[in-house]
Amino acid sequence: MRTRNIALLLTAAVAVYLVLLAGRGIALLRTGELVPVLLGLGVLLLPLLGVWILVTTWRSGTRIQRLSRRLAEEGALPDVSDLPRRPSGRVDRAAADSWFEERRAEVTDAPEDWRTWYRLAYAYDVAGDRTRARETMRRAVELEAQDH
């Protein structure tokens, strides 16, 4: 719950910033001069982009949480607590790679099961590849939506 509260607080802070930014854009539009009006139009695009990013991020987060809850109910959440760790707390690279290969084999065996894709996304995250983790998690979300 703590993580969700922090996310809500940060979202509120970004929302306040976007409102203030929109106010600056409107102030530039009200000048009536060509250059400030054009700049004001550009500034108004930033809050629109920010709102879009906030909405897509929250939507993605809620979908991933839904998958996580389903896996927890099934007792199938990925567990890396037994993997060796470096002094920094991160999973040892060789152990992460080995665990990753096991998850990739699961996807090969069951490519239409969202659960295997979720665990593969988690393995990418443990290995430090956040970009592929997000791409793979999107695949898990898509497959779970079809499963419903």
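Under the simplified labelling scheme, the Ala145-Glu101 pair shows an inter-label distance of 3.5 nm, with each label point 7 Å from Cα along Cα→Cβ. Think of each Lys and Arg Cβ as +1 and each Asp and Glu Cβ as -1; about the Cα centre, that makes the dipole of region 86-148 roughly 420 debye. In this rough spin-label picture, where each label sits 7 Å from Cα along the Cβ direction, the Leu20-Leu46 distance is 1.1 nm. In whole angstrom, how far apart do the alpha carbon centroids of region 85-148 and region 1-70 sit? Taking the Cα centre of region 1-70 as reference, the centre of region 85-148 is 30 Å away. Per residue, the convex hull spanned by the Cα atoms of region 82-148 measures out at 78 cubic angstrom. Relative to the longest principal axis of the Cα atoms of the chain, helix 34-74 runs at roughly 20 degrees.
Hey, with R₀ at 22 Å, roughly what FRET efficiency would Ser81 and Asp109 work out to, going by the Cβ-Cβ distance, to 0.05?
Taking R0 as 22 Å, the efficiency between Ser81 and Asp109 is 0.35.
Diagonalising the gyration tensor over the Cα atoms of region 1-78 and scaling each eigenvalue by 5 before taking the square root yields semi-axes of 40, 12, 5 Å, largest first. Quick one: with all protein chains in place, what share of the accessible area of the chain is carbon or sulfur, to the nearest percent (1.4 Å probe)? For the chain, the apolar C and S fraction of the accessible surface comes to 60 percent. Which residue, chosen from Gln65, Leu54, Ala121, occupies the Cα position most advanced towards the positive end of the dipole of the chain, where the dipole is computed from +1 (Lys, Arg) and -1 (Asp, Glu) charges on Cβ about the Cα centre? So the residue we want is Leu54. Taken over the chain, the convex hull of the Cα atoms encloses 162 Å³ per residue. A Förster distance of 41 Å, applied to the separation of the beta-carbon atoms of Asp92 and Val55, puts the FRET efficiency at 0.60. Each Lys and Arg Cβ is given +1 and each Asp and Glu Cβ -1; about its Cα centre, region 31-148 then shows a dipole of about 400 debye.
Accessible area per residue for the chain is 68 Å², calculated with a 1.4 Å probe on protein heavy atoms, without ligands, DNA or RNA.
Taking the Cα atoms only, what angle lies between the long axis of helix 114-127 and the longest principal axis of the chain, rounded to 10 degrees? In the chain, helix 114-127 runs at an angle near 80 degrees to the longest axis. Relative to the dominant Cα principal axis of the chain, helix 2-30 is inclined by about 30°.
At the listed q of 0.20, 0.25 Å⁻¹, the Debye profile of region 35-115, built from one uniform point per Cα, gives log10 I(q)/I(0) equal to -1.04, -1.13.
The values are calculated or read from the model by the stated rules, or taken from the named source; none is laboratory data. As the structure is a computational prediction, the values presented were derived from the model and not from experiment. All Cβ positions, glycine included, derive from the backbone under ideal geometry; neighbour counts span all protein chains shown. In case anyone asks, the SASA skips ligands and DNA or RNA and just uses the protein heavy atoms, side chains included. Shrake-Rupley method; radii C 1.70, N 1.55, O 1.52, S 1.80 Å.
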